[in-house]
1. Using mean Cβ contacts within 10 Å as the protection proxy, how do 259-265, 61-67, 20-26 order, highest first?
2. Could you work out what % of the accessible surface of segment 270-356 is carbon and sulfur, using a 1.4 angstrom probe and leaving DNA, RNA and ligands out of the count?
3. With every protein chain left in place, what is the accessible area per residue of the chain in square angstrom, probe 1.4 Å?
4. Enter the per residue convex hull volume of segment 1-149, computed from alpha-carbon coordinates, in Å³ rounded to the nearest integer.
5. Principal axis extents for the chain, Cα atoms only, whole Å, descending order, please.
6. Just to check I understand the Karplus step: with θ = phi - 60° and J = 6.51 cos²θ - 1.76 cosθ + 1.60, what whole-Hz values come out for segment 195-210, glycine and proline as x?
7. Under 15 Å between alpha carbons, and skipping anything fewer than 8 positions from residue 127 in its own chain: which aspartates and glutamates qualify?
8. How high is the FRET efficiency between residue 145 and residue 319 when r is their beta carbon distance and R₀ equals 41 Å, given to the nearest 0.05?
Amino acid sequence: MKLKIAVLAGDGIGPEIMEQGVAVMSAVADKFGHDVSYKDALCGAHAIDEVGDPFPEETFQTCMDADAVLFASVGDPKFDNNPSAKVRPEQGLLAMRKKLGLYANIRPVETFDCLVHKSPLKDELVKGADFICIRELTGGMYFGKKQEPTVNADGIEDALDTNYYSRPEVERILRVGYQYARQRRKHLTVVDKANVLASSRLWRKVAQEIMGEYPDVTTDFMYVDNAAMRMIQEPKFFDVMVTENTFGDILTDEGSCITGSMGLLPSASTGEHTPVFEPIHGSWPQGKGLNIANPLAQILSVAMLYEYFGLKEEGSLIREAVNASLDQNVRTPEIQVEGGAKYGTKEVGKWIVDYIRNK
Ligand code: IPM
Ligand code: MG
């Protein structure tokens, strides 16, 4: 297969993990005879520094011309504690999601048996937990009408975000949820706050209308506060959950830590234009340049990319290599066993590339 990949390495540890992601992608392409080409593009703080825009038009065009985007991470502490900064790296990510119409964010929460002990939860709760959160990504409060902090007519400073959803936006993401549920254990949990929020009542109404079209899937409804609790009490309850943008943001951070391995979770964002594959973690500025960042989430994002194009064996080989590296304790410091050898970002990446080449 011929694949054109836009490479958006971004900030912090982004370029280091991306280097390993691309190396793995190329090793797999060589092995299976795919013709993969790459084009780098600027985004995030890096792009603000260079061209004053966190998602420049040129980057957008590179993404539109590509078959897929491989994205690493954006963010820089110099923007974090400055509420009056005019542009922020994160706006680049949001612009990318909106302009590429990436309404479906697929975040698998998978456990690796050898890392279960890293979870803050008891082993028996975590072992075998395996679910997917489908997060709506281009609507809700993130993109609804906003008013930045302003002093109003009564002399009181106020601000506003609007949690707007339309029926078509809700329906299409629910259908993505059903498609995934059908390929898995056929259990869909719609997470909302329909006891309080009007937008959630729309979600529930639409879900109740379409659920009859999926009689093979068990649908249940859960309030988000309850879902947050259930995720730590009984993570194995879930198979596929589907939820709005803001709830999905929060719940997927929770999900990533129950597995004990935030640095290992990849994601895919799909929708109207080019799909994007990225780790769910951020740019970890403290780890930048130290060769200690875990490249596995980026590498597993490459697996998701291949799988998206129906290249199952390619994806499986990457997963196999990742599992082998963990089994052999070829691990970055944050997941290394006591007394285990020291491996950096580069060494883990190289080990996985060699495994793929020698297979
Ligand atoms: C995520 C991140 C982003 C979000 C930030 C960086 C804007 O937390 O992808 O979950 O809130 O969506
Ligand atoms: Mg988040």
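1. Values: 259-265: 22.3, 61-67: 17.4, 20-26: 23.9.
Highest-to-lowest ranking by the protection proxy: 20-26, 259-265, 61-67.
2. Numbers: 1870 of 3690 Å².
The nonpolar share, carbon plus sulfur, comes to 51 percent.
3. Working: 15840 Å² over 359 residues.
On a per-residue basis, 44 Å².
4. 170
5. 64, 50, 42
6. Those phi angles translate into 6, 10, 9, 4, 4, 5, 5, 5, 4, 5, 4, 5, 4, 5, 6, 8 Hz.
7. Within the straight-line cut-off, residue 127 pairs with 110, 113, 234, 239.
8. Working: r = 42 Å, r/R0 = 1.03.
Approximately 0.45, to the nearest 0.05.
The values are calculated or read from the model by the stated rules, or taken from the named source; none is laboratory data. Quantities reported herein were computed from a predicted structural model and do not represent experimental measurements. Virtual Cβ from ideal backbone geometry, glycine too; neighbours counted across all protein chains shown. The accessibility values were calculated without ligands, DNA or RNA, using every heavy atom of the protein model including side chains. Shrake-Rupley method; radii C 1.70, N 1.55, O 1.52, S 1.80 Å.
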